[in-house]
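A short worksheet on the structure shown next.
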Amino acid sequence: MAMKALSKATIYQVAQLAGVSIATVSRALRDSDLVTAETRERVRSAARELNFTPSRPARSLAEGRHAANGIVFPDLIGPYYAEVVLGYEATAAASGSSVLILATNGRPDAAAAVRELAGRVDGLTVMGRTVDDEVVAGIASAGLPVVLLARDPVDGVDTVRAGNSGTARALAEHLVGHGHRTITFLGDPDESPDVAGRYAGVRAGSKGARLTLVRGKGLDLDSGRRAAEQLLTHEKPDAVICANDEVALGVLLAASEHGLRVPEDLAVTGWDDLLAARFAGLTTVRQPMRELGATAARWLNRRIDENSGEQNRTAARRRILATELVIRQSCGSHEEVRS
């Protein structure tokens, strides 16, 4: 007869239901080659039935190894994600945790992959629109510490983001104030909470100008270049506000190939303030990429400690880290503006 699931199952109960040792449970849930496929499936079935999520004490008891936490990214390509990972990993390592990284881009069942990762770690950070809110809520309700990064909040879960709408509004107002009357926003608000916030801010700050949305596919340099090729062969706007710096750098390349001068013929702006943006003289928004990752890791470590009884449970936290508007040559000025 199947064992009745408890609100907070233990590794001992999973081991008993599956008919194996607690060490085998731990190895099976992290896909160790020391466990046969048949045993792994039996352990996973027991874990699902009991709604079991491994904890740091259970792992330490079963294996005597260091704790691990996980982070879920939309993608790992590009300097923005690299900076966030650097901040995250350094902070996690300082607390004694190793990090397992999962990128959901191109996965046919991202939700299943995230749930599987949740069974292998002591806590999980979820970035962007990698999985639905229901998946996040389900993992958190099972008892695993969860922190959200650069995405909209979910009830009861910590969330850390960078400011988008206010600084984007200041950027648009700057362009309108310098005489730009036709503005194109290049980026897809449906693909990213960050991009959605930036577009909302640009809309609010574009009063007095005609704003057009072009939903570029992707956030890398080649995507920006391709989108700009289409844009510049039709009615050229006064200014292009890009969802990030990589897209903006692609627009700069396309503008040069079309014989356009920046900013005389076309103003171009980005977002992130990558090193390449500084060399290109790109007007952009500086966001604290490493601090985003570091904050998520610190908060997750605190939740893991609370989960193991080392600290008292606190209410869910939400924080928006400040961003800065940086005006450079690509829109005709050189001053730096803080927002």
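Do we have Val85 as under 24 Å from Asp222 (Cα atoms) and modelled with pLDDT of 90 or more here? In short, yes. If only residues of region 175-201 that are closer than 16 Å to Ala162 by Cβ and hydrophobic (A, V, I, L, M, F, W, C) are counted, the one that is surrounded by the most Cβ atoms within 10 Å (Cβ to Cβ) is Val195. For region 164-206, the set of residues classified as in contact with a Pro (Cβ under 6 Å, 6 or more places away or on another chain) and in a helix (DSSP H, G or I) consists of Val195, Ala196, Tyr199, listed by residue number. Do the conditions hold for Thr283, that is, is it closer than 30 Å to Leu144 by Cα, in contact with a strand residue (DSSP E or B) (Cβ under 8 Å, 6 or more places away or on another chain) and among the hydroxyl-bearing types (Ser, Thr, Tyr)? No, not satisfied. Checking each residue in region 200-252 for being closer than 17 Å to Val285 by Cβ and among the charged types (D, E, K, R) picks out Arg203, Asp245, Glu246.
Inside region 83-102, residues that are among the hydrophobic types (A, V, I, L, M, F, W, C) and loosely packed, with under 14 Cβ neighbours inside 10 Å make up a count of 2.
To keep it simple, each residue is scored yes or no on (1) surrounded by 20 or more Cβ atoms within 10 Å (Cβ to Cβ); (2) of a type in the set (A, V, I, L, M).
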| residue | (1), (2) |
| --- | --- |
| Arg115 | no, no |
| Gly123 | yes, no |
| Met127 | yes, yes |
| Thr130 | yes, no |
| Asp133 | no, no |
| Gly138 | no, no |
| Leu144 | yes, yes |
| Asp158 | yes, no |
| Gly166 | no, no |
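Any residue at all in region 210-221 that's touching a Leu at 6+ places or on another chain (Cβ under 9 Å) and either assigned to a helix (DSSP H, G or I) or in the same structural domain as Asn105 (by TED's automatic domain parsing) (or both)? Yes, some residue in region 210-221 is touching a Leu at 6+ places or on another chain (Cβ under 9 Å) and either assigned to a helix (DSSP H, G or I) or in the same structural domain as Asn105 (by TED's automatic domain parsing) (or both).
For region 229-253, a residue qualifies if it is part of a helix (DSSP H, G or I) and at pLDDT 95 or above, and the qualifying residues are Asp245, Glu246, Val247, Ala248, Leu249, Gly250, Val251, Leu252, Leu253. Does Gly177 satisfy being without any contact (Cβ under 8 Å) to a residue 12 or more places away in the chain and not aromatic (Phe, Trp, Tyr)? Yes: the conditions hold for Gly177.
Would you confirm whether or not region 103-121 contains a residue that is among the hydroxyl-bearing types (Ser, Thr, Tyr), assigned to a loop (DSSP other than H, G, I, E, B) and at pLDDT 85 or above? Within region 103-121, one or more residues are among the hydroxyl-bearing types (Ser, Thr, Tyr), assigned to a loop (DSSP other than H, G, I, E, B) and at pLDDT 85 or above.
Please specify each residue of region 261-298 satisfying the condition of being surrounded by fewer than 22 Cβ atoms within 10 Å (Cβ to Cβ), in a loop (DSSP other than H, G, I, E, B) and within 14 Å of the chain's Cα centre (by Cα). Answer for region 261-298, where residues must be surrounded by fewer than 22 Cβ atoms within 10 Å (Cβ to Cβ), in a loop (DSSP other than H, G, I, E, B) and within 14 Å of the chain's Cα centre (by Cα): just Pro288. When residues in region 329-339 are screened for being surrounded by fewer than 21 Cβ atoms within 10 Å (Cβ to Cβ) and either at pLDDT 95 or above or in contact with a strand residue (DSSP E or B) (Cβ under 6 Å, 6 or more places away or on another chain) (or both), 4 of them pass.
Of the residues contained in region 299-315, none is found to be at pLDDT 75 or above and over 17 Å from Gly143 (Cα atoms).
The values are calculated or read from the model by the stated rules, or taken from the named source; none is laboratory data. Values in this document were obtained by computation on a predicted structure and should not be read as measured data. In this analysis, Cβ positions are derived from the backbone assuming ideal geometry, glycine residues included, and neighbour counts consider all displayed protein chains.
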